[in-house]
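Inspection log for the structure reproduced underneath, given as structure tokens.
The values are calculated or read from the model by the stated rules, or taken from the named source; none is laboratory data. Nothing here was measured: the structure is a model prediction, and the numbers come from that model. All Cβ positions, glycine included, derive from the backbone under ideal geometry; neighbour counts span all protein chains shown.
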Amino acid sequence: MSQPDQGLHIVPKFSRFGRALRQDFDARFADPLRASRERFVWDYWNVPGQYTLLRAPLTSLFSIEAIDGFLDELSLWAQEKLGLTTISHPWASCYVEGCEQRFHTDAAHGPWAFVYSLTPASFSKKAQGGFTRIAREFVNQDLSLPREENTMFIDIESRFDRLVVFDPRRPHAVEKVRGVQDVREARLVIHGWFTAPQPFYDTKLPKKTAAAALRILKKECASSLKASSLSWQGLGVLRVDKSAQVAWLSSLIVDRVTLDYADARSRQAFLGRLQKGLDANKQWTKLCRAFGKSRLTLPFECE
């Protein structure tokens with residue numbers, strides 16, 4: 001059985017606000033012969049040989065109620081699945097005939113990128129292209145083995161109400177769209193990044209308890225990384241509850257030697273060393289018992 005991809009999440013039927021967002025868009029562009037101010041919203045973004053698409057701020061296309069509802073859902077999902085709380089200012093992009101994104105990376109924007117699709121079902125019947133193509137890994141680990149295209153890239157169709165979240169350090173692209181010219185039939189997505197990893201905890205957890213536990217966890221985490229002499233780079237996220245047992249929530253840590261994601265064995269070995277250090281601290285278990293149903297989340301960077 002193949003291992004799950006640490007750097008990719010695909011969530012179908014993601015948002016309760018998907019249909020409201022879609023209805024807002026369709027209503028705005030319903031009559032192509034009506035030259036209203038609502039239609040004059042697009043930035044035609046063209047960087048020759050790299051990017052060609054229509055883009056606009058969300059507030060130019062959708063109601064505030066639908067936007068806020070969707071972003072609240074997205075933020076809660078990111079907190080629970082990734083351990084991140086901050087979202088970049090998102091945009092909407094529309095891909096009609098000839099629009100595309102060539103391969104690129106976005107490492108500087110945030111540790112995770114997201115693409116939420118509002119593309120209508122009719123797109124797959126009328127158009128070609130428009131799928132998100134993501135490199136499966138960073139390099140070809142075994143240069144002696146032949147590789148075919150489908151073993152090097154993952155192609156993800158832009159289906160309505162599907163959320164795709166991925167590691168933006170991996171090369172990715174949007175295949176050129178052919179066959180549609182009406183924006184109501186085009187590939188339509190909301191996209192951005194989860195940014196600025198910061199520790200957080202549930203609101204019911206007393207601040208003094210959380211601060212004390214966080215100090216201990218940060219110190220032991222740094223100590224365990226140093227003692228392990230790991231050749232790691234990237235973001236890891238840990239979570240702890242009243243059991244005082246620390247667990248991985250998400251990991252984009254890459255081993256500099258293999259140029260692949262840190263494997264489960266090395267991550268568990270690190271966790272074992274960390275837990276041993278925490279258990280040796282007399283305050284740790286006592287602090288965690290006071291968590292109740294609350295949890296504390298710690299993102300940390302490996303340089």
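All conditions but one from (1) within 19 Å of A280 (Cβ to Cβ); (2) outside any helix (DSSP H, G or I); (3) touching a Gly at 6+ places or on another chain (Cβ under 6 Å) apply to E220; the one that does not is (2).
Within the range 271-294, is even one residue free of Cβ contacts under 8 Å to residues at least 40 places away in the same chain and closer than 28 Å to P168 by Cβ? For the range 271-294, residues free of Cβ contacts under 8 Å to residues at least 40 places away in the same chain and closer than 28 Å to P168 by Cβ: present. Residues in the range 11-58 that are farther than 27 Å from G98 by Cβ and among the β-branched types (V, I, T): 1 in all.
Residues in the range 127-150 that are touching a residue at least 12 places away in the same chain (Cβ under 8 Å) and exposed (fewer than 12 other Cβ atoms within 10 Å of the Cβ) were compared, and the one that is nearest to the chain's Cα centre (by Cα) is V139.
Residues checked against (1) touching a strand residue (DSSP E or B) at 6+ places or on another chain (Cβ under 8 Å); (2) closer than 29 Å to V164 by Cβ; (3) modelled with pLDDT of 95 or more:
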site: Q181; (1), (2), (3): no, yes, yes
site: A213; (1), (2), (3): yes, no, yes
site: R239; (1), (2), (3): yes, yes, yes
site: Q245; (1), (2), (3): no, no, yes
site: L252; (1), (2), (3): yes, yes, yes
site: D260; (1), (2), (3): yes, yes, no
site: L271; (1), (2), (3): yes, yes, yes
site: K276; (1), (2), (3): no, no, yes
site: N281; (1), (2), (3): no, no, yes
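Selection of the range 231-245 for residues being under 26 Å from A113 (Cα atoms) and either aliphatic (A, V, I, L, M) or crowded, with 17+ Cβ neighbours inside 10 Å (or both) yields W232, G234, L235, G236, V237, L238, R239, V240. You will find that of A213, A173, the residue that is in a helix (DSSP H, G or I), among the small types (G, A, S) and either crowded, with 18+ Cβ neighbours inside 10 Å or in contact (Cβ under 8 Å) with a residue 12 or more places away in the chain (or both) is A213 and no other. Checking each residue in the range 70-126 for being touching an Asp or Glu at 6+ places or on another chain (Cβ under 8 Å), in contact (Cβ under 8 Å) with a residue 60 or more places away in the chain and assigned to a helix (DSSP H, G or I) picks out only F123.
Exactly one residue among S144, S158 is more than 14 Å from L8 (Cβ to Cβ) and either modelled with pLDDT under 95 or of a type outside the set (S, T, Y) (or both), and that residue is S144. Just so you know, in the range 68-126 the residues that are surrounded by fewer than 21 Cβ atoms within 10 Å (Cβ to Cβ), small (G, A, S) and over 16 Å from the mean Cα position of the chain (by Cα) include one that is nearest to G18 (Cα to Cα), and it is G69. Residues in the range 178-210 that are within 22 Å of T119 (Cα to Cα), polar (S, T, N, Q) and in a helix (DSSP H, G or I): 0 in all. When the range 201-211 is filtered for residues that are at pLDDT 95 or above and among the polar types (S, T, N, Q), only T209 remains.
Scanning the range 231-246 for residues that are within 25 Å of the chain's Cα centre (by Cα) and of a type outside the set (D, E, K, R) yields S231, W232, Q233, G234, L235, G236, V237, L238, V240, V246. Could you check, for the range 23-30, whether at least one of its residues is within 25 Å of A173 (Cβ to Cβ), aliphatic (A, V, I, L, M) and loosely packed, with under 12 Cβ neighbours inside 10 Å? No, the range 23-30 contains no residue that is within 25 Å of A173 (Cβ to Cβ), aliphatic (A, V, I, L, M) and loosely packed, with under 12 Cβ neighbours inside 10 Å. Name the single residue that is farthest from Q6 (Cα to Cα) among those in the range 240-264 being in a loop (DSSP other than H, G, I, E, B) and of a type in the set (S, T, N, Q). Selected residue: S243.
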